[in-house]
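In what follows, a structure is listed as structure tokens, so that the remarks can point back to it.
The values are calculated or read from the model by the stated rules, or taken from the named source; none is laboratory data. In this text the structure is predicted, and so the values were computed from the model without any measurement. Cβ sites come from the backbone with ideal geometry, for glycine too, and all protein chains shown count toward neighbours. Ligands, DNA and RNA are excluded from the accessible area calculation, which covers all protein heavy atoms including side chains. Shrake-Rupley method; radii C 1.70, N 1.55, O 1.52, S 1.80 Å.
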Amino acid sequence: MRCPWAEAHPEYGPYHDHEWGMPVYDSRALYEKLVLDGFQAGLSWITVLRKRAALREAFQGFDPEIVARFDEADVERLMNDARIIRSRTKINSAIHNARVTLKLRDQGIELSDLIWALQDYKPQVNHYTENTQIPAQTDASVALSNLLKSKGYKFCGPTIVYAFMQAVGLVNDHLISCDRHQTV
């Protein structure tokens, strides 16, 4: 049995079964997911999920080393790419966040360590029985949001960050009736 939200669209099933809630420790993958959750702001996740392949292509695999070098010509190229979410603010934020990620790395701080250290590198396992019990944000997402903002990241408010935390396995919000609850 899956979490009920995973049945809302056919694309949600594979995402739920193979990605959502699985702990991610790779800094590049965490940067990508943070950017994608930022792109979701004001939209539904299905919109981002359907455009994810095009976003990955347009953003060169979300390699911060590459994205950090994007210039105004790249922003215009992205703004003209009908396959992706064309928000200048979100595009500029993705570039800015790549630069922040590299700046931190130059200081000896990996994005993965920055994020996971807040939880002693262990996922928080919740035991919800209904979707209505799952919060939109928590004290932990507020703390992570504040930490990311203090380092210079953008598009990382507490609600975006909680969705990010769920997606990358910082929290396990699979319902206890879901087959994935024990697996992740």
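Below are the figures for this structure:
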{"read-out": "Residue within the stretch 101-108 that is over 14 Å from the mean Cα position of the chain (by Cα), hydrophobic (A, V, I, L, M, F, W, C) and closer than 13 Å to Tyr25 by Cα present", "value": "no"}
{"read-out": "Single residue of the stretch 111-136 satisfying the filter (surrounded by fewer than 17 Cβ atoms within 10 Å (Cβ to Cβ) and under 16 Å from the mean Cα position of the chain (by Cα)) that is farthest from Asp71 (Cα to Cα)", "value": "Ala136"}
{"read-out": "Residue in the stretch 26-41 that is surrounded by 14 or more Cβ atoms within 10 Å (Cβ to Cβ) and farther than 24 Å from Lys103 by Cβ present", "value": "yes"}
{"read-out": "Matching residues, the stretch 92-135, being part of a loop (DSSP other than H, G, I, E, B) and either aromatic (Phe, Trp, Tyr) or under 30 Å from Gln182 (Cα atoms) (or both)", "value": "Glu110, Asp120, Tyr121, Lys122, Pro123, Asn126, His127, Tyr128, Thr129, Glu130, Ile134, Pro135"}
{"read-out": "Residues (outside any helix (DSSP H, G or I), hydrophobic (A, V, I, L, M, F, W, C), within 18 Å of His18 (Cβ to Cβ) and open to solvent by 10 Å² or more (accessible area, probe 1.4 Å)) located in the stretch 161-184", "value": "Val184"}
{"read-out": "Residue within the stretch 29-50 that is more than 30 Å from Asp139 (Cα to Cα) and part of a helix (DSSP H, G or I) present", "value": "yes"}
{"read-out": "Options Ser93, Ser145, Ser141, Ser150: the member that is open to solvent by 20 Å² or more (accessible area, probe 1.4 Å) and closer than 26 Å to Gly42 by Cβ", "value": "Ser150"}
{"read-out": "Qualifying position, being more than 25 Å from Asp179 (Cβ to Cβ), under 15 Å from the mean Cα position of the chain (by Cα), open to solvent by 30 Å² or more (accessible area, probe 1.4 Å) and among the basic types (Lys, Arg), among Arg83, Arg52, Arg69, Arg56", "value": "Arg56"}
